[in-house]
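A.B. asks: First, the structure itself, so that you have it in front of you.
The values are calculated or read from the model by the stated rules, or taken from the named source; none is laboratory data. These numbers come from a predicted model, not from an experiment. Here the Cβ is made from the backbone with ideal geometry for all residues, glycine too, and neighbour counts use every protein chain on show.
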C-alpha cells in the first residue's frame, strides 16, 4: 500500500491523464515529495482555452494521526466583468440556483 503522499501525487497524475491535458498548455508546479506537498502543494496549471484550470494536492494535515490530504481544482471562470450591474447579479443568482448540489427539490 502506498503512503498518503504517493496517493495524492497519483491522484494529480490521474486527473492530468484522464483530462488528456496537452503538455504544451500546462505547467507543473510544486514538489511531489512529502515535504513539498506539506509546504507548497503539488499539481499543475492548465490553459485549455483562454482561462486557467489550477489543480493541486496538499498536506497532510500536520496535527492528525492519519494523513489527510486536500485535492483542489479551481477554474478562472470570470474575467473583467462589471459585477455592479443588476444583470450580472441576476445571472449569478440564476447560475447558483441551477448549479447548487447542496439541496434537493421535491
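A.B. asks: Quick one: which residue in 93, 33, 72 is in contact with a strand residue (DSSP E or B) (Cβ under 7 Å, 6 or more places away or on another chain), loosely packed, with under 13 Cβ neighbours inside 10 Å and free of Cβ contacts under 8 Å to residues at least 60 places away in the same chain? Working first, answer last.
C.D. replies: Working: 93 fails: in contact with a strand residue (DSSP E or B) (Cβ under 7 Å, 6 or more places away or on another chain); 33 fails: in contact with a strand residue (DSSP E or B) (Cβ under 7 Å, 6 or more places away or on another chain).
Result: 72 is the single residue among 93, 33, 72 that is in contact with a strand residue (DSSP E or B) (Cβ under 7 Å, 6 or more places away or on another chain), loosely packed, with under 13 Cβ neighbours inside 10 Å and free of Cβ contacts under 8 Å to residues at least 60 places away in the same chain.
A.B. asks: Taking the condition of being in a loop (DSSP other than H, G, I, E, B) and touching a helix residue (DSSP H, G or I) at 6+ places or on another chain (Cβ under 6 Å), how many residues in the stretch 16-35 meet it?
C.D. replies: First, the residues of the stretch 16-35 that are in a loop (DSSP other than H, G, I, E, B): 19-22, 31-33.
Applying the additional criterion that residues be touching a helix residue (DSSP H, G or I) at 6+ places or on another chain (Cβ under 6 Å) yields 32.
Qualifying residue count, the stretch 16-35: 1.
A.B. asks: If I go through the stretch 1-15 residue by residue, how many of them are in contact with a helix residue (DSSP H, G or I) (Cβ under 8 Å, 6 or more places away or on another chain), at pLDDT below 90 and surrounded by 14 or more Cβ atoms within 10 Å (Cβ to Cβ)? Write out each step before concluding.
C.D. replies: Initially, the stretch 1-15 is screened for residues in contact with a helix residue (DSSP H, G or I) (Cβ under 8 Å, 6 or more places away or on another chain), giving 2-3, 5, 8-9.
If we keep only those that are at pLDDT below 90 too, we end up with 2-3, 5, 8.
Checking the rest, the ones that are also surrounded by 14 or more Cβ atoms within 10 Å (Cβ to Cβ) come to 5, 8.
Matching residues across the stretch 1-15 total 2.
A.B. asks: Please report, ordered by residue number, the strands (runs of 3 or more DSSP E) entirely within the stretch 36-81 with at least 3 residues that are at pLDDT 90 or above and in contact with a helix residue (DSSP H, G or I) (Cβ under 9 Å, 6 or more places away or on another chain).
C.D. replies: Details: elements: 42-46, 53-58, 70-75.
Passing ranges, in order: 42-46, 53-58.
A.B. asks: Now for a different question. Looking at the stretch 1-15, which of the residues that are in a helix (DSSP H, G or I) and in contact (Cβ under 8 Å) with a residue 40 or more places away in the chain is nearest to residue 64 (Cα to Cα)? Give the derivation first.
C.D. replies: Here is the first cut: in the stretch 1-15, the residues in a helix (DSSP H, G or I) are 4-15.
Restricting the remaining residues to those that are in contact (Cβ under 8 Å) with a residue 40 or more places away in the chain gives 4-5, 7-9, 11-12, 15.
Values: 4: 13, 5: 14, 7: 17, 8: 16, 9: 19, 11: 21, 12: 22, 15: 26 Å.
The qualifying residue nearest to residue 64 (Cα to Cα) is 4.
A.B. asks: Here is a further query. Provide a single number: the residues in the stretch 51-69 that are surrounded by fewer than 16 Cβ atoms within 10 Å (Cβ to Cβ), free of Cβ contacts under 8 Å to residues at least 24 places away in the same chain and farther than 16 Å from residue 6 by Cα.
C.D. replies: Here the count works out to 4.
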